[in-house]
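Colleague: Quick one: the structure is below, and I'll ask about it shortly.
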Amino acid sequence: MNRFAFTLLELVFVLIVIGILAVLAMPNFRGHPLQDAAQQVANHIRYTQHLAMVDDKYDPIDPTWYKKFWRIRFYESGTPDTYYYAVFNDTDKENNIDTTTHTEPAIDPVTKKYLYVGNSPADVRNNERMNLTDTYGIINVISTCDAGWIEFFFDNLGRPYVNSVSSNPTPPYSNLLTLDCIITLQHQTDGNASITISKETGYVSVTY
């Protein structure tokens with residue numbers, strides 16, 4: 001007699017096999033904090049460039065108009081070192097982000113949070129993902145093209161500049177990025193990820 005159905009024993013056996021395969025495959029579904037951090041930073045660099053291109057800071061009657069450029073700045077503080085960053089424009093030209101009136105930091109278009117780490121953990125505007133150490137386990141951030149803090153600016157054409165543009169008293173064009181710049185994120189266990197900002201175009205790419 002032909003049989004067209006499974007027995008209960010066969011169904012139990014199939015379920016057991018599926019369960020074993022699921023357990024074996026589970027590590028493949030782990031998060032990859034180094035990759036997540038690198039992709040986030042790369043996306044925020046691109047977003048900084050986008051903001052600069054749609055919000056032209058040029059002002060012919062202001063000789064230091066370039067100090068208002070949209071920028072992405074990396075910070076290091078504390079013991080052990082904590083690495084975080086912010087995206088903002090310096091409207092008041094004080095060379096730091098305004099966290100009082102909140103008119104300078106960029107807003108994440110998805111989460112609507114500010115692209116900086118707020119002054120208080122209880123601050124609803126605080127964006128914990130901007131803290132690369134606490135969120136992703138990044139233990140160091142290195143740049144090949146900047147001394148001191150790591151910072152990049154973009155003009156209305158999307159061209160990248162290095163950090164000295166904010167304090168240089170001459171027009172900023174001498175501070176255009178003339179060599180590709182590589183930002184390296186070092187993770188405590190997963191190794192390194194490199195984010196390359198191309199000279200002149202500001203094109204961003206990521207390698208692991």
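Colleague: Could you count how many residues in segment 193-208 are surrounded by 15 or more Cβ atoms within 10 Å (Cβ to Cβ), part of a strand (DSSP E or B) and over 14 Å from the mean Cα position of the chain (by Cα)?
Modeller: Total meeting the criteria: 0.
Colleague: Would you point out the residue of segment 59-76, among those that are in a loop (DSSP other than H, G, I, E, B) and touching a residue at least 24 places away in the same chain (Cβ under 8 Å), that is farthest from residue 129 (Cα to Cα)? Don't jump to the end; show me each part of the working.
Modeller: We begin by selecting, within segment 59-76, every residue in a loop (DSSP other than H, G, I, E, B); these are 59-64, 69.
Narrowing the set further to residues that are touching a residue at least 24 places away in the same chain (Cβ under 8 Å) leaves 64, 69.
Values: 64: 32, 69: 23 Å.
Residue satisfying both the conditions and the ranking: 64.
Colleague: Among the residues of segment 110-150, what is the count of those that are at pLDDT below 90, among the small types (Gly, Ala, Ser) and under 22 Å from residue 188 (Cα atoms)?
Modeller: Summing the residues that are at pLDDT below 90, among the small types (Gly, Ala, Ser) and under 22 Å from residue 188 (Cα atoms) in segment 110-150 gives 0.
Colleague: Okay, moving on. Would you say residue 53 is modelled with pLDDT under 85, within 30 Å of residue 128 (Cα to Cα) and either in contact with a Cys (Cβ under 7 Å, 6 or more places away or on another chain) or part of a helix (DSSP H, G or I) (or both)?
Modeller: Taking the combined requirement at face value, the residue does not satisfy it.
Colleague: Just for segment 41-70: of the residues that are among the hydroxyl-bearing types (Ser, Thr, Tyr) and in contact with an Asp or Glu (Cβ under 9 Å, 6 or more places away or on another chain), which one is surrounded by the fewest Cβ atoms within 10 Å (Cβ to Cβ)? Steps first, answer last, please.
Modeller: Of segment 41-70, the ones among the hydroxyl-bearing types (Ser, Thr, Tyr) are 47-48, 58, 64, 66.
If we keep only those that are in contact with an Asp or Glu (Cβ under 9 Å, 6 or more places away or on another chain) too, we end up with 47, 58, 66.
On the way: 47: 17, 58: 11, 66: 23.
Step by step, filter segment 41-70, then rank; the result is 58.
The values are calculated or read from the model by the stated rules, or taken from the named source; none is laboratory data. Bear in mind the structure is a predicted one, so any value in this text is a computation, not a measurement. Positions of Cβ are backbone-derived with ideal geometry, glycine not excepted, and every protein chain shown enters the neighbour counts.
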